[in-house]
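> Have a look at the structure that comes next, please.
The values are calculated or read from the model by the stated rules, or taken from the named source; none is laboratory data. What you see is a predicted model, and the numbers here were worked out from it, not measured in a lab. Note: ideal-geometry Cβ built from the backbone for every residue, glycine included; neighbour counts use all protein chains shown.
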Amino acid sequence: SSEGRPMRTFKKSSKLDNVLYDVRGPVVDEAMRMEQDGVNVLKLNIGNPAPFGFRTPDEVVYDMAHQLTECEGYSDSRGLFSARKAIMQYSQIKGLPNVTMDDIYTGNGVSELINICMSALLDSGDEILIPSPDYPLWTACATLAGGKPVHYICDEEANWYPDLDDMRSKVTDRTKAIVIINPNNPTGVLYPPEILQGIIDIAREHQLMIFSDEIYDRLVMDGKEHISIASMCPDLFCVTFSGLSKSHMIAGYRIGWMVLSGNKRLAKDYILGLNMLSNMRLCSNVPAQSIVQTALWGHQSVKGYVTPGGRIYEQREYVYNALKDIPGISVVKPDAAFYIFPKIDVKKFNITDDVQFALDLLKDKKILVVQGSGFNWKEPDHFRVVYLPRIEVLSECMTKLADFLSYYRQ
Ligand code: PLP
C-alpha cells in the first residue's frame, strides 16, 4: 500500500522547460475563461480562416467525400503518389532544382514536418538561425530537439526584411542552418530577390542549409511575385515547406508538405534521419492527401481573396489604414498572408510587459491579440493582429483599440 508515502505527482519533461508557444498561451487562457462567463471576445489572435467565413472550395470537399472509401489504409510514409505528383509539378513551376518524387514528404500540416526536420537535425548545442519575430513553432521545435535557436533580427525600419549583417554576425562554428519564413508570419512581408540573395551568400559562405517556410506563398497581394529561395541556389541543400491550411482554408484537414532540393549529396545522412522519423509516424492523414491534386490544380478561389475587391485584400487595406491613424501606433503595410504587426509607442504608454498590455486590452475591450513576445520578439513594443474577420468586425475592434489607447496608462 502507499500508506505513509508522499503522494507521487507527475511533472512534465525537462525537455519542455524552455519551450515557448504563446500563440496559444496565458492571454488566450484568460479569453477562454471570459467566454465561459458569457463574454463575447473579439478574436484577432489565430490564423484559422474557416471560422471567419472563408469556405473551402466546394470541389475540394466533394473530392474528399468521393475518395474517402479509398483512403482507409496507411499510405506510403511520404504520401500518396497523386499528392506528391501534384506537389512535384508545383515545385517545378516554382523552379526548385533537382527534385524527385522521393524528395517530397506530406505531413499533418507543415507543423509536423517542422518538428521532424528539427528533431532529425539538431544535437545538443547545435545552433540554428531563426528570425525574430518568428512563427514560434520554429523556435519551439528547435528547442525541443535539444538545439539552440539563435535569433536574427528582422528590421522594421527596412520593411521587416532580415538584417543580413545581424544574421552574418550570429553564425558560429555550431550553426547548421538558416530558417526563413517568406511570406512572413507575423509581419506579413514578402522578401524580394536581393534579400534572398543576401541570405544565400551567407549560407554559401558558411556552408549552411536553408529551411524556407512558404506556407503563405499563394496569398501574395499587389501583383507581387513570390520567389522560392531554393530556386536561386541549386548548389545548396534546401528544404521548402508549403501546404493547404491557409491557401485553401482547410487548416483543420491537416495537410502540408516539404520538398528537398538542390545539393542533396550534402545531406545524405540527414535525409536518412528524415526518412526514419517519417516512417515512425507511418504517414500523414490520407483523406487530406487525396485532395492535394484537386486543390493545387483546380479552381484557384484563393486568388479572388487577395486581389482588389477580395476579402483579404480589402481587410488588409482597412486594418492598415485604421492602425496607422491611431496615435501611438505605427505599422508597416504587409504584402501577403493575413497578419499585421503594429508597433506601440512604449514610452507614451509606459509599457514594459507586452503580456500585461494584451491582458489589459482583453479585459477592458474584449479584444484578443497576441503580444509580440509570443513571436520571440524581445521588446515589449509589438502585437499581432489577424485580419481575417470581416471589415464590420475589424472596424469595431479598431474603434475600441483607439479608444483604449486614448486613456491607457496616461
Ligand atoms: N508555418 C507558418 C509560418 C504558419 O503561420 C503556420 C500556421 O499558422 C504553420 C507553419 C503551420 O501550418 P499547418 O501546420 O497548418 O500546415
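> Criterion first (among the polar types (S, T, N, Q), surrounded by fewer than 22 Cβ atoms within 10 Å (Cβ to Cβ), out of contact with any Ser or Thr (no Cβ under 8 Å at 6 or more places or on another chain) and free of Cβ contacts under 8 Å to residues at least 12 places away in the same chain) does residue 169 satisfy it?
In short, yes.
> Okay, moving on. Give me the helices (runs of 4 or more DSSP H) completely within region 268-308, filtered to those with at least 3 residues that are surrounded by fewer than 19 Cβ atoms within 10 Å (Cβ to Cβ) and of a type in the set (D, E, K, R), ordered by residue number.
It comes to none.
> Residue by residue through region 213-237, note down the ones that are part of a loop (DSSP other than H, G, I, E, B) and touching a Gly at 6+ places or on another chain (Cβ under 7 Å). Even if it seems obvious, please write down each step before you answer.
So the first thing to find is which residues in region 213-237 are part of a loop (DSSP other than H, G, I, E, B), and the list is 214-219, 221-228, 233-236.
Passing the criteria: 215, 228, 233, 234, 235, 236.
> Okay, moving on. Does residue 74 satisfy the condition of being among the aromatic types (Phe, Trp, Tyr) and in a loop (DSSP other than H, G, I, E, B)?
yes
> If you don't mind, there's one more thing I want to ask. What are the residues in region 67-83 that are surrounded by 12 or more Cβ atoms within 10 Å (Cβ to Cβ) and without any contact (Cβ under 8 Å) to a residue 24 or more places away in the chain, if any?
Within region 67-83, 81 is the sole residue that qualifies.
> Scan region 360-374 residue by residue and report those that are within 21 Å of residue 394 (Cβ to Cβ) and of a type outside the set (Asp, Glu).
361, 362, 363, 365, 366, 367, 368, 369, 370, 371, 372, 374 - these are the residues of region 360-374 that are within 21 Å of residue 394 (Cβ to Cβ) and of a type outside the set (Asp, Glu).
> Could I ask something else about it? Hey, among 199, 215, which residue is out of contact with any Lys or Arg (no Cβ under 6 Å at 6 or more places or on another chain), crowded, with 20+ Cβ neighbours inside 10 Å, in the same structural domain as residue 126 (by TED's automatic domain parsing) and modelled with pLDDT of 95 or more?
Going through 199, 215 in turn, the sole match is 199.
> Separate question: Considering only region 203-212, how many residues are in a loop (DSSP other than H, G, I, E, B) and within 11 Å of the ligand (Cβ to nearest atom)? Show your work before the answer.
Of the residues in region 203-212, the ones in a loop (DSSP other than H, G, I, E, B) are 207-208.
Filter once more, keeping what is within 11 Å of the ligand (Cβ to nearest atom): none.
Residues flagged as in a loop (DSSP other than H, G, I, E, B) and within 11 Å of the ligand (Cβ to nearest atom) within region 203-212 amount to 0.
> Filter region 45-61 down to the residues that are over 19 Å from the mean Cα position of the chain (by Cα) and either within 16 Å of the ligand (Cβ to nearest atom) or touching a residue at least 24 places away in the same chain (Cβ under 8 Å) (or both) and list them by number.
Answer for region 45-61, where residues must be over 19 Å from the mean Cα position of the chain (by Cα) and either within 16 Å of the ligand (Cβ to nearest atom) or touching a residue at least 24 places away in the same chain (Cβ under 8 Å) (or both): 53, 55, 56, 57, 59, 60.
> Just to be sure, is residue 87 within 16 Å of the ligand (Cβ to nearest atom), modelled with pLDDT of 95 or more, assigned to a helix (DSSP H, G or I) and closer than 19 Å to residue 231 by Cβ?
yes
> If you take the residues of region 105-133 that are acidic (Asp, Glu) and more than 8 Å from the ligand (Cβ to nearest atom), which of them is surrounded by the most Cβ atoms within 10 Å (Cβ to Cβ)?
Here the residue is 127.
> Out of everything in region 244-281 that is out of contact with any Phe, Trp or Tyr (no Cβ under 6 Å at 6 or more places or on another chain) and of a type in the set (Gly, Ala, Ser), what residue ends up being farthest from the ligand (Cβ to nearest atom)?
273
> Do we find a residue being under 30 Å from residue 314 (Cα atoms) and touching a Phe, Trp or Tyr at 6+ places or on another chain (Cβ under 7 Å) anywhere in region 222-237?
So far as region 222-237 goes, no, none of its residues is under 30 Å from residue 314 (Cα atoms) and touching a Phe, Trp or Tyr at 6+ places or on another chain (Cβ under 7 Å).
> Ok, one more. Filter region 200-216 down to residues that are free of Cβ contacts under 8 Å to residues at least 40 places away in the same chain and within 19 Å of the chain's Cα centre (by Cα) and give me whichever is farthest from residue 93 (Cα to Cα).
Per the stated criteria, the residue is 210.
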